[in-house]
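Trainee: Can you read through this structure? Questions will come right after.
The values are calculated or read from the model by the stated rules, or taken from the named source; none is laboratory data. Every value quoted in this text rests on a predicted model; they were computed, and no experiment measured them. No Cβ is skipped: glycine too gets one built from the backbone with ideal geometry, and neighbour counts run over all protein chains shown.
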Amino acid sequence: MGIFFFIPLLMVLAVSFASRGTDGGVEWTVNLTNYAHLADPLYLRIYGRSSGLALATTALCLLLGFPLAYSIARAPIRWQGIWLLLVMIPFWTNFLVRTYAWIFILRTEGLMNTVLINLGLTTQPIELLYSDWSILIGLVYGYLPFMVLPLYAALERLDSSVVEAAWDLYATGWFVFWRVVLPLTKPGVVAGCIFVFIPSLGAFITPDLLGGAKTMMVGNLIQHEYLVMRDWPLGSAISFALMALVLLAAMAYFKTDGRLDRLERGG
Amino acid sequence: MADTSVELRDLVKYHGATLAVDHLSLEVRSGEFFSILGPSGAGKTTTLRLVGGFERPDRGEILIEGRSMQNVPPNLRPVNLVFQTFALFPHMTVFDNVAFGLEMRRVRRAELRSRVSAALDMVKLSDKHSRLPSQLSGGEQQRVALARALVNRPAVVLLDEPLGALDQQLRQEMQLELKTIQKQVGITFICVTHHQEEALIMSDRVAVMDHGRVLQVGSPQEVYESPTSEVVARFIGLSNHLSGRIVTVDGTTCTITSSDIPTTQPLLVRRPPGPMEANRVMLLLRPERLHLSQDAHACRFDNAVSARIDKVTYTGSEMQYLLRLSDSVLWRARLPNSGARQERFRVGEAVFLCWNADDGVILTE
């Protein structure tokens, strides 16, 4: 198992130190120029907007996913399975097809604009599609289940009498959430955020289709380097740098958390 | 009504289609240790949760210190609940757990500190204030839960099976300690338990509950020694039963006969208060009130019936006998182990069971 996981990674790492051949092949002249290229101002802008969109996606997923996961976890047992199933059903459809469906909803003569016009909220169709907003909607839609599932797992384990105890000790709804529910479900929140942030940072189908291919995210950049520019070494370098960054951030988090855990167990 | 702390008026609560609390009325006095005792499923915990505000009654009213609790959420009630599972905040230290209620009520830092310290002193946990709940033993967690309630100086502390999660030995220690602390702080305690001995040891008054209704309210002595119904008698301690008929009644005593046992003389029993109309009655006798003898005349008691020993159990502190009075009547007797010179009986031996008129209780059917 581990071998299958690591071999492609090592190949990507190796290629990232090579350079592009004249006809798009890989030339094994080991150097660091690809990594130097990463700091190109054009690329930096792409990293910036990607991170911004991924952060916004994560925040929105958390904001929408928490109440959803909470109500599922507090529903009667026999309903919980049904709700979870409903959350997961979209996964059974091809991601491409689901993303196309959003084009039909968001385009100027689409469902959303028709509803808005019929409700009299706007007289003219709004340009929803091919903007950062449509990418954001697509990403939130696509990755919301990745947020809901770990949150549900954490909330389901939460002892309801602890929540009642906070309420009994004069805490209002906000304080019950902030001082008790959130700290006790933090592992689920962190897992959900990582599960949403990482794939949305590297997403390329959604920005391609809903962003109209005019805005690039890191995922598109990598795809572009590999498939259009045929510069595998640079594409590999970008992928590897991205992965290393995410990995480092996750490790830094778990290290501090692990320290706290040991402290809690009185080691 | 200054000395009434909590008043429940005609409470009704359904859980789905089942009636959990059935027209329940109770009055709990200020500063008393009040226990609600009953088998599991009797509606005790539901009653406690209604007082705490976690559930709303379908009918009836709850008054705490004369104030109606209708539509008052738990965080605004002058009541704190000690949960059965303790429900300590696992991510907070002992100090922060105890301080939580004061913090939510925005008590100033200096006062908060001194009150939390005093509460931890009271439960003898001052040295563990920076521990997390997971680092404490069950008994210590129980104390934190108690301190977390007491520190707020509520009008009433509610305890849901407070000793249920503790082992036998710790339980007995905590029973006395809970009672001591309650007397010390003078706060009204309402405690729910299914453990009859615990209720008798700790409480000033006990309410016996079954099927959502209160069957009897009284001091531990009253409910144990003068149960008003068979259910109460059966639930609080072991008891022997014999159905019979009243033969004669005079000022303080009456006599009964039973067709269930072969007896020559009517049995003498203390007369229950009130008019004696019913003819058919039930005689209740506690196993520890019975005496055994081989000679009916040697035992100087009001009553003596013959029996055969069915089983003998040695528990260390006492001898327990199972006695057959007739084909349909089997009684228990518990005699303290008073040493080697005590008369011991063997299985199959014919003996006389003796007791005084005051030892029996009559229930009219």
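Trainee: Please verify whether the range B:137-146 includes one or more residues that are without any contact (Cβ under 8 Å) to a residue 24 or more places away in the chain, at positive phi and surrounded by fewer than 15 Cβ atoms within 10 Å (Cβ to Cβ).
Mentor: no
Residues checked against (1) more than 10 Å from chain A (Cβ to nearest Cβ); (2) closer than 30 Å to residue B:16 by Cα; (3) surrounded by 22 or more Cβ atoms within 10 Å (Cβ to Cβ); (4) of a type in the set (A, V, I, L, M, F, W, C):
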site: B:81; (1), (2), (3), (4): no, yes, yes, yes
site: B:106; (1), (2), (3), (4): no, no, no, no
site: B:116; (1), (2), (3), (4): yes, no, yes, yes
site: B:121; (1), (2), (3), (4): yes, no, no, no
site: B:133; (1), (2), (3), (4): no, no, no, no
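Trainee: Sticking with this structure for a sec: List pairs: first residue in the range B:339-365 and on the phi > 0 side of the Ramachandran plot, second residue basic (Lys, Arg) anywhere in the structure, Cβ distance under 8 angstrom, at least six positions apart or on different chains.
Mentor: If the second residue must be basic (Lys, Arg), the pairs left are B:348/B:308.
Trainee: Could you give me the residue pairs with C-beta distances under 7 Å whose first residue belongs to the range B:87-100 and is farther than 15 Å from residue A:184 by Cα, whose second residue is charged (D, E, K, R) wherever it lies, and which are 6+ apart or on separate chains?
Mentor: B:94/B:128; B:94/B:131; B:98/B:148; B:100/B:148
Trainee: Pick out, from the range A:160-253, the helices (runs of 4 or more DSSP H) lying fully within it that include 2 or more residues that are away from chain B (no Cβ under 14 Å).
Mentor: Filter on the range A:160-253 gives A:186-201, A:205-210, A:218-223.
Trainee: While we're on this one: Does residue B:99 qualify as being over 26 Å from the mean Cα position of the chain (by Cα), more than 17 Å from residue A:176 (Cα to Cα), at pLDDT 95 or above and in the same structural domain as residue B:47 (by TED's automatic domain parsing)?
Mentor: No.
Trainee: In the set A:155, A:129, A:151, A:139, which member is buried (at least 19 other Cβ atoms within 10 Å of the Cβ), under 14 Å from residue A:99 (Cα atoms), modelled with pLDDT of 90 or more and more than 14 Å from chain B (Cβ to nearest Cβ)?
Mentor: Sole residue among the options that is buried (at least 19 other Cβ atoms within 10 Å of the Cβ), under 14 Å from residue A:99 (Cα atoms), modelled with pLDDT of 90 or more and more than 14 Å from chain B (Cβ to nearest Cβ): A:139.
Trainee: If residue B:158 passes every condition in (1) in a helix (DSSP H, G or I); (2) within 21 Å of the chain's Cα centre (by Cα) but one, which one does it miss?
Mentor: With (1) in a helix (DSSP H, G or I); (2) within 21 Å of the chain's Cα centre (by Cα) applied to residue B:158, the lone miss is (1).
Trainee: Something else now. Every residue in the range B:323-337 that is assigned to a strand (DSSP E or B), buried (at least 17 other Cβ atoms within 10 Å of the Cβ) and among the hydrophobic types (A, V, I, L, M, F, W, C), please.
Mentor: Residues satisfying the conditions are B:323, B:331, B:333, B:335.
Trainee: Tell me yes or no: at least one residue of the range B:303-317 is at pLDDT below 90, part of a loop (DSSP other than H, G, I, E, B), hydroxyl-bearing (Ser, Thr, Tyr) and more than 20 Å from residue B:238 (Cβ to Cβ).
Mentor: For the range B:303-317, residues at pLDDT below 90, part of a loop (DSSP other than H, G, I, E, B), hydroxyl-bearing (Ser, Thr, Tyr) and more than 20 Å from residue B:238 (Cβ to Cβ): absent.
Trainee: So residue B:221 fits all but one of (1) surrounded by fewer than 20 Cβ atoms within 10 Å (Cβ to Cβ); (2) under 21 Å from the mean Cα position of the chain (by Cα); (3) not in a helix (DSSP H, G or I); (4) not charged (D, E, K, R); what number is the exception?
Mentor: Of (1) surrounded by fewer than 20 Cβ atoms within 10 Å (Cβ to Cβ); (2) under 21 Å from the mean Cα position of the chain (by Cα); (3) not in a helix (DSSP H, G or I); (4) not charged (D, E, K, R), only one is false for residue B:221: (3).
Trainee: From (1) outside any strand (DSSP E or B); (2) closer than 19 Å to residue B:285 by Cα, pick out the condition that doesn't hold for residue B:340.
Mentor: (2)
Trainee: While we're looking at this one, here's another question. How do the pairs read when you match residues in the range B:251-280 that are at negative phi and surrounded by 15 or more Cβ atoms within 10 Å (Cβ to Cβ) with residues anywhere that are acidic (Asp, Glu) and modelled with pLDDT of 80 or more, using Cβ under 7 Å and keeping only pairs 6 or more apart or on different chains?
Mentor: Hits for this filter: B:268/B:302; B:270/B:358.
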